[in-house]
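The values are calculated or read from the model by the stated rules, or taken from the named source; none is laboratory data. Computed from a predicted structure; not experimentally measured. Heads up, the Cβs are rebuilt from the backbone with ideal geometry, glycines too, and the neighbour counts pull from every protein chain shown.
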Amino acid sequence: MRHPMFTPSLERLGTHDKGTEMKTTALPPATPVTSGLPDQQRKLVTPIPGPRSRVLHEQRAAALPPGLSNVVPVFVERAGGGIIVDVDGNHLVDLASGIAVTSVGASAPEVVTRVQEQVAKFTHTCFLVTEYQGYVDVATWLNEHAPVPGEATTALFSTGAEAVENAVKIARAATSRPAVIVFDNAYHGRSLFTLAMTAKDRPYKDGFGPFDAHVHRAPYAQQLRWPGDPAQATPDALAELQSLLNRVGPETVAAIVIEPVQGEGGFIVPAPGFLRGVQSIARQHGIVLVADEVQAGIARTGRLFASEHDGLEPDLVVTAKALGGGLPLAAVTGRADIMAAARVGGLGGTYAGNPVACAAALGVFEIIERDGLVERAAAIEQHVIAALQPVIEASGVVAELRGHGAMMAIELVRPGTLEPDPEAAVRIARACHKRGVLLLVCGTFGNVIRLLPPLVIDGALLDDGLQVLADAIWDET
């Protein structure tokens, strides 16, 4: 069923039926050379999943443990721009970006060329053994751009969880304190310590405890689900944070770790003034403030760093995902005096700051700066709002459309209530998958559809994906 406020979009299911375009805000065109894949249009030649993907998925089931989940059982042959091509020849619209990783596309020529050149020279030496320029160049770029106050330095790692743990290590070394404060709905990783920091039990924490007892949790000022007056979310949440500190003892707290926009918890944008209030409390008690920008950083939210939306100046900022352009790379960038607290040999790892991943990151930086992807992410936000707001207002099943830049979310509820409706979110996601649009579900209650298109996605392709999503939402009414 199609929402009447939309005009039909072009279906590519072997035949080509003419339709008219949705009326949305203009999206600046993507620079063609950043796509990496010329054919940027949705095309289905088999059902999803196709026959070859089904065979390969059976092989996966026999070879892999069941703890490794899967969103859509399709096997990918190639990808680039805003398209994923599976082994059956289907062209899927990518509104997931590998969970915010391929912001510049999955085969951007600038990334591919730099990686190929580096692989031909050497793949690894371990930066802790013999040094190479790529590591220093990535660190220098982050030092110049990260929103930390004063002089900054950077240490590179391989994954977001690893970088979060190292940020805590650095904070503990700098303060000689053990405790860490995190927030409701938080997600910080799947390693054993970051699981203690992550809020959601299932599927992440269940059966893997016990966890570190030095991790304490405070409320995150989310207006939609604040138990009292939503206008009081910021002062109330800050009061509860101070109360928690009083109970724990602020002199025992090394770090407050916070996502400027919560990721897995539901793309939650904090109430105005909350982040700055947390910063003020941290400064008051000599606590290291860590911004976890693993998912929200590196141009994703329409700012280079999500902290910039609220003028947050964290002592340490953690980045990963989009940083490496698809290769495993993460970073902790922070105040030079705090970063210096770890003794020589206290930081690093065998693969940390791998030269191939560093080469990829330099390609990512080049594309972001040359093609204005920060501004394009902001334009994507307005484009998504213009396209989806009419159907959302008419449907009655959406509590909120929220987010920043190309990090947008739709929270599904039962009509007339704020009761989460995870079943509806799953139905909508599956309907989109069947029609060749890849998107993800998240949220503490599993009721949030998240949109993470590559920042280089073609405007017409984004329109097509949004039309499919709008139809699926309308079918829930």
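Residues in the range 459-469 that are under 14 Å from residue 388 (Cα atoms) and in contact with a Lys or Arg (Cβ under 8 Å, 6 or more places away or on another chain) were compared, and the one that is surrounded by the fewest Cβ atoms within 10 Å (Cβ to Cβ) is 468. Looking at 266, 325, 334, just one residue is out of contact with any helix residue (DSSP H, G or I) (no Cβ under 6 Å at 6 or more places or on another chain) and at positive phi, and that residue is 266. Condition test on residue 110, is it of a type outside the set (S, T, N, Q) and surrounded by fewer than 17 Cβ atoms within 10 Å (Cβ to Cβ)? It is false that residue 110 is of a type outside the set (S, T, N, Q) and surrounded by fewer than 17 Cβ atoms within 10 Å (Cβ to Cβ). Just checking, does the range 197-208 include any residue being of a type outside the set (Ser, Thr, Tyr), at pLDDT 95 or above and either more than 21 Å from residue 318 (Cα to Cα) or touching a helix residue (DSSP H, G or I) at 6+ places or on another chain (Cβ under 8 Å) (or both)? Looking through the range 197-208, at least one residue is of a type outside the set (Ser, Thr, Tyr), at pLDDT 95 or above and either more than 21 Å from residue 318 (Cα to Cα) or touching a helix residue (DSSP H, G or I) at 6+ places or on another chain (Cβ under 8 Å) (or both). How about the range 451-463: which of its residues are out of contact with any Gly (no Cβ under 8 Å at 6 or more places or on another chain) and within 17 Å of residue 392 (Cα to Cα)? If the condition is that a residue be out of contact with any Gly (no Cβ under 8 Å at 6 or more places or on another chain) and within 17 Å of residue 392 (Cα to Cα), then 463 is the only one that fits.
Taken over the range 198-238, the criterion of being in contact (Cβ under 8 Å) with a residue 12 or more places away in the chain, more than 21 Å from residue 276 (Cα to Cα) and in a helix (DSSP H, G or I) is satisfied by 203, 204. Filtering 218, 237, 199, 174 for residues that are outside the structural domain of residue 101 (by TED's automatic domain parsing), in contact with a strand residue (DSSP E or B) (Cβ under 8 Å, 6 or more places away or on another chain) and closer than 14 Å to residue 290 by Cα leaves a single hit, 174. Across the range 72-91, the qualifying residues are those that are touching a residue at least 60 places away in the same chain (Cβ under 8 Å) and outside any strand (DSSP E or B), and the one among them that is farthest from residue 326 (Cα to Cα) is 90.
What's the total number of residues in the range 92-127 that are in a strand (DSSP E or B) and aliphatic (A, V, I, L, M)? Counting residues in the range 92-127 that are in a strand (DSSP E or B) and aliphatic (A, V, I, L, M) gives 2. When you check residue 261 against the structure, is it β-branched (Val, Ile, Thr), modelled with pLDDT of 95 or more and either in contact with a helix residue (DSSP H, G or I) (Cβ under 6 Å, 6 or more places away or on another chain) or surrounded by fewer than 24 Cβ atoms within 10 Å (Cβ to Cβ) (or both), yes or no? Answer is yes for this residue. Screening residue 370 against (1) closer than 30 Å to residue 139 by Cβ; (2) surrounded by 20 or more Cβ atoms within 10 Å (Cβ to Cβ) leaves a single unmet condition, (2).
Contact annotation: residue pairs with Cβ atoms under 8 Å, 6 or more positions apart or on different chains, pairing a residue in the range 137-152 that is in contact (Cβ under 8 Å) with a residue 24 or more places away in the chain and farther than 12 Å from residue 308 by Cα with a partner that is among the small types (Gly, Ala, Ser) and in a strand (DSSP E or B), are 138/331; 139/155; 139/331; 142/152; 142/331; 143/152; 152/334. Being of a type outside the set (Gly, Ala, Ser) and at pLDDT 95 or above holds for only one residue in 13, 27, 37, 92, and it is 92. Please indicate, with yes or no, whether at least one residue in the range 286-304 is touching a residue at least 24 places away in the same chain (Cβ under 8 Å), surrounded by fewer than 21 Cβ atoms within 10 Å (Cβ to Cβ), over 26 Å from the mean Cα position of the chain (by Cα) and in the same structural domain as residue 194 (by TED's automatic domain parsing). Among the residues of the range 286-304, at least one is touching a residue at least 24 places away in the same chain (Cβ under 8 Å), surrounded by fewer than 21 Cβ atoms within 10 Å (Cβ to Cβ), over 26 Å from the mean Cα position of the chain (by Cα) and in the same structural domain as residue 194 (by TED's automatic domain parsing), which makes the answer yes. Among the residues of the range 34-71, those that are within 25 Å of the chain's Cα centre (by Cα), among the polar types (S, T, N, Q), over 18 Å from residue 429 (Cβ atoms) and assigned to a loop (DSSP other than H, G, I, E, B) comprise 35, 40, 41. Based on what the data block shows, is residue 180 surrounded by 23 or more Cβ atoms within 10 Å (Cβ to Cβ), outside any helix (DSSP H, G or I) and among the hydrophobic types (A, V, I, L, M, F, W, C)? In short, yes.
Can you find a residue that is out of contact with any Ser or Thr (no Cβ under 9 Å at 6 or more places or on another chain), under 18 Å from residue 321 (Cβ atoms), at pLDDT 95 or above and buried (at least 16 other Cβ atoms within 10 Å of the Cβ) anywhere in the range 385-397? No, the range 385-397 contains no residue that is out of contact with any Ser or Thr (no Cβ under 9 Å at 6 or more places or on another chain), under 18 Å from residue 321 (Cβ atoms), at pLDDT 95 or above and buried (at least 16 other Cβ atoms within 10 Å of the Cβ).
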